[in-house]
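Please read the structure below before turning to the comments.
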């Protein structure tokens with residue numbers, strides 16, 4: 001027998017409000033949640049296995065739940081009241097947020113083409129100007145910058161202590 005979910009009459013500072021728009025994004029709990037999620041985006045992106053990504057997602061939700069006062073994942077229903085969505089939906093929401101941020105970061109990298117600023121087109125000939133050609137040539141002759149060394153990967157258990165640090 002499934003019990004009826006309880007109406008949430010009072011929010012805590014660590015509650016996560018699920019929904020779209022700036023109204024929900026600006027709550028203290030949601031701001032801390034987004035900071036916490038962004039802290040682990042790179043680690044999430046480096047994970048090759050679904051198990052590793054799931055562990056990070058579950059660790060973030062667990063850190064929210066372990067905060068003082070415990071954080072809850074709440075959603076407003078049609079009756080106008082907020083209800084707890086439960087762990088499985090919180091994991092799904094957290095995983096989706098992580099994927100969205102990873103995808104946005106990839107798009108930023110793709111859009112930052114090295115020759116973007118050279119798109120000066122001469123209106124008469126529809127070719128790059130001489131200055132643009134010279135800049136292009138200088139870019140092609142300079143050696144590529146070395147890739148930055150990857151940061152050491154934090155263990156998923158660090159999530160709870162990181163969240164406690166953010167809230168205090």
Among 55, 74, which comes first, then next, by fewest other beta-carbon atoms within 10 Å? 55, 74
Checked the range 1-63 against the a/c 1.5 cut and the a/b vs b/c comparison, axes a ≥ b ≥ c from its Cα gyration tensor; verdict oblate
Residue 9/residue 38 FRET efficiency (R0 35 Å; Cβ-Cβ; nearest 0.05): 0.70
Neighbour-count ranking for 13, 41 (other C-beta within 10 angstrom, fewest to most) reads 13, 41
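Laboratory data are not the source of any read-out in this text; all were calculated from the coordinates shown. Not measured: the values here are computed from a predicted model. Ideal geometry is used to build each Cβ from the backbone, glycine not excepted, and the neighbour counts take in all protein chains shown.
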